Amino acid sequence: MTTAATTPPPTRATERAAHAEAERDALLHALAEQRATLLITLRGLTDAQAGRRSTASELTLGGILKHLAQGERVWAQLIGERRGETPDGMWDMGQYHLTADDTLADLRAAYAAATRAMDAAVGALPNLDVAVPLPPVPWDPEAAPETWTARRALLHMLRETAQHAGHADIIRECLDGANTTAQLGDAPDAD
């Protein structure tokens, strides 16, 4: 009589690891969706349009993309290194404004590189409970620096991206009437 090989039941550690991986995948997927929504607002734009204000706000589409690229890069470094040191440019308010040398192609490339770094930093963690020490904040240098979980940091980047994707949609609609909802099913352009 032969017996079929059976797989032993999963252990608690295996179940926890599977849950941690599923959670990470779900949050990274949600972030990827928000990133894609943001990028829709840039379809078919020139460099000049990306730098043009269309509302009372100082924000431009290029400025939002530049800021989010900086945010992804900074959070990738904070999550990856977990030393609580201030990444270069973290508090630079110029990240919201385009310079004469900024091009939409360069901003898109910087954003793509930053999102890959963020995904890699999060993907390298054993789970999202990992502690991420934050640097001291310049507006309250006497305050003790905070420590977040990687989950909270990832949720922060998700919220930040979703918020700015909404801003970008309004800016784009004021700029030329295009809106994200109408373009959701369209194939992305090459520029």
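The values are calculated or read from the model by the stated rules, or taken from the named source; none is laboratory data. Only a predicted model underlies this, so the values are computations on that prediction, with no experimental measurement involved. Positions of Cβ are backbone-derived with ideal geometry, glycine not excepted, and every protein chain shown enters the neighbour counts. Keep in mind that these areas ignore ligands, DNA and RNA; they rest on the heavy atoms of the full protein, side chains included. Shrake-Rupley method; radii C 1.70, N 1.55, O 1.52, S 1.80 Å.
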Those residues of the stretch 104-133 which are open to solvent by less than 40 Å² (accessible area, probe 1.4 Å) and either outside any loop (DSSP other than H, G, I, E, B) or modelled with pLDDT under 95 (or both), in sequence order: LEU104, LEU107, TYR111, ALA112, ALA114, THR115, MET118, ALA121, VAL122, VAL132, PRO133
Residues of the stretch 85-103 classified as closer than 21 Å to VAL132 by Cβ and open to solvent by less than 40 Å² (accessible area, probe 1.4 Å), total: 4
Matching residues in the stretch 70-84 - criterion: being at pLDDT 95 or above and open to solvent by less than 40 Å² (accessible area, probe 1.4 Å): GLN70, GLY71, GLU72, VAL74, TRP75, ALA76, LEU78, ILE79
Filter result (surrounded by fewer than 17 Cβ atoms within 10 Å (Cβ to Cβ) and either under 25 Å from MET90 (Cα atoms) or in contact with a Gly (Cβ under 8 Å, 6 or more places away or on another chain) (or both)) within the stretch 48-69: ARG53, SER57, GLU58
LEU98 of a type outside the set (Lys, Arg) and at pLDDT 95 or above: no
First in the stretch 173-191 and closer than 20 Å to ALA48 by Cβ and among the aliphatic types (A, V, I, L, M), second anywhere and open to solvent by less than 80 Å² (accessible area, probe 1.4 Å) and at pLDDT 80 or above, Cβ under 8 Å, 6 or more apart: LEU175/GLN49; LEU175/SER54; LEU175/LEU61; ALA178/THR41; ALA178/ARG43; ALA178/GLY44; ALA178/ARG172
